[in-house]
Structure formats: C-alpha cells, structure tokens
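First the structure, in the form of structure tokens, and then the observations on it.
The values are calculated or read from the model by the stated rules, or taken from the named source; none is laboratory data. Since we're looking at a predicted model, the values are computed, not measured. Cβ: placed from backbone, ideal geometry, glycine included. Neighbour counts: every protein chain shown.
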Amino acid sequence: MTRRDTKERERALFSEPDLLDVVVDRLAGGVVLTEVAVELGVRYSALYFWLHSDRERVSRYAKAMESRRVWMSETVVHAFLQLAQFDFRKLYDADGNLLPLHQLPEDAARALVSIDTQEGQLPGVRMRKVRVVDRLRALENLGRTVELFKDRLVHSGPNNGPIPISDRETVRRRVTDLITQKVVGGQTGGGPSGPG
C-alpha cells in the first residue's frame with residue numbers, strides 16, 4: 001500500500017461519524033492509543049493528530065483518559081485486595097494434593113509465584129515447593145494505594161543536620177549587596193529582571 005493509499009484510507013476512516021465513540025470507549029476501557037491505532041489499521045501519529053485537532057475530540061479524549069486512570073486505579077486496588085485475601089488452600093484438592101495448573105482457580109493462579117519440584121529422599125517421591133505472593137506486602141501496597149499509610153518524609157540540612165534558616169537581616173544585606181554590585185558594575189537596566 002502506498003503512502004497516498006494509506007492517507008486516503010485514514011481520511012475516509014476519520015470521517016466516520018462513530019469513530020470518536022469507538023476510540024474513546026477503547027481508551028476508557030484501558031486500551032492504549034497505540035493499540036487502538038493498530039486495531040483501526042492507521043498510523044499512531046495520524047490518530048493522535050486527528051484526536052487533538054478538534055476541541056470536542058480533545059475534550060472527549062481527556063475524559064476518556066481520566067476514566068482510564070480511574071479504571072486502572074480500581075483495577076490495581078482490586079488486584080491488591082485479591083492477593084491480600086488469597087486463601088492458599090485453593091491450591092489443593094480435598095485430599096491435600098496440589099491441583100494441576102490448568103485446574104487452578106483464577107485468583108489462585110494469580111497468587112502463584114512458582115512451583116519448584118525436587119526429587120525426595122525416597123525413590124519415586126517428589127517434593128514440590130509452592131511459593132505464593134507475600135500477603136503482608138500485598139496488604140501494605142493496598143494500604144498505600146488507598147492512602148491508609150503515609151510515608152514519612154524527613155527533611156534535613158547538610159550532613160543530616162538542621163536546615164539552615166537565614167534571618168531577615170542577613171537576607172536584607174545580601175540583597176543590598178547584589179543591588180549595589182549591579183548598579184556599581186554598570187548593569188542598570190536591561191538585565192534579566194528588566195529595566196532598573
């Protein structure tokens with residue numbers, strides 16, 4: 001397909017009345033614009049410029065991006081919540097045997113980090129080590145995400161000492177010195193701060 005054919009096809013697509021609805025719905029649902037461009041068979045740059053060349057499209061695009069941000073935040077909170085509440089018993093059947101991977105419930109599969117199989121000390125006996133996500137860390141991340149915990153930020157001066165604070169007199173003298181240097185040095189007016 002030639003460049004001209006591509007542009008003509010994009011022009012025809014961009015004149016479709018429902019295109020904006022399709023694009024903003026996909027974006028609001030968590031799909032990135034590059035993927036939308038691939039789905040539509042257009043260049044990313046053409047789609048981006050089309051979205052930003054009209055006030056209504058810009059407004060709808062901005063609302064879709066805000067909606068996606070909220071969707072992603074809720075998805076993260078939901079994932080942390082599922083991991084924090086994961087019950088490792090879901091990995092096993094009623095007899096205490098580890099379920100095959102294809103039989104694991106979805107939340108169990110998400111919580112699974114690794115399965116390590118080792119030969120046991122007795123012939124024909126295999127031992128499996130199952131690692132799941134760290135529930136405490138998932139709870140901590142969930143708490144941070146919903147702002148239950150505030151990370152404490154400590155400010156300090158040089159070498160973890162107190163923050164030096166200049167008194168008014170010191171600041172006044174320094175400003176006076178700078179003004180004097182500027183005037184005496186022949187730099188009155190036209191400098192970075194404007195005339196005089």
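Odds and ends about this structure:
- Criterion violated by Gly30 - all others in (1) exposed (fewer than 12 other Cβ atoms within 10 Å of the Cβ); (2) on the phi > 0 side of the Ramachandran plot satisfied: (1)
- Flag if Ala12 is assigned by TED's automatic domain parsing to the domain that holds Arg126 and at pLDDT below 95: no
- Cβ-Cβ under 8 Å pairs, at least 6 apart or on other chains, the range 89-108 side in contact (Cβ under 8 Å) with a residue 24 or more places away in the chain, far side assigned to a helix (DSSP H, G or I): Leu91/Ala108; Leu98/Leu91; Asp107/Gln82; Asp107/Lys90
- The residues of the range 43-69 that are under 18 Å from Thr6 (Cα atoms), in contact with an Asp or Glu (Cβ under 9 Å, 6 or more places away or on another chain) and not small (Gly, Ala, Ser), listed by number, are Arg43, Leu47, Trp50.
- Phe49, sole failed condition from (1) within 30 Å of Gln103 (Cβ to Cβ); (2) out of contact with any helix residue (DSSP H, G or I) (no Cβ under 7 Å at 6 or more places or on another chain): (1)
- Taken over the range 91-122, the criterion of being over 15 Å from Arg135 (Cα atoms), among the charged types (D, E, K, R) and in a helix (DSSP H, G or I) is satisfied by Glu106 alone.
- Restricting the first member to the range 119-136 and to residues that are farther than 11 Å from Phe86 by Cα, and the second to residues that are in a loop (DSSP other than H, G, I, E, B) and not β-branched (Val, Ile, Thr), the beta-carbon pairs closer than 9 Å and six or more apart or on different chains are Arg126/Gly120; Met127/Gly120; Met127/Gln121.
- The range 85-129, residues that are at pLDDT 85 or above, under 38 Å from the mean Cα position of the chain (by Cα) and farther than 28 Å from Gly143 by Cα: Tyr92, Asp93, Leu98, Leu99, Pro100, Leu101, His102, Gln103, Asp116, Lys129
- Selection count where residues are part of a strand (DSSP E or B) and either modelled with pLDDT of 65 or more or surrounded by 10 or more Cβ atoms within 10 Å (Cβ to Cβ) (or both), scope the range 162-196: 1
- Qualifying positions in the range 1-27 - hydroxyl-bearing (Ser, Thr, Tyr) and surrounded by fewer than 12 Cβ atoms within 10 Å (Cβ to Cβ): Thr2, Ser15
- Flag if Leu83 is under 30 Å from Asp18 (Cβ atoms), surrounded by 11 or more Cβ atoms within 10 Å (Cβ to Cβ) and not hydroxyl-bearing (Ser, Thr, Tyr): no
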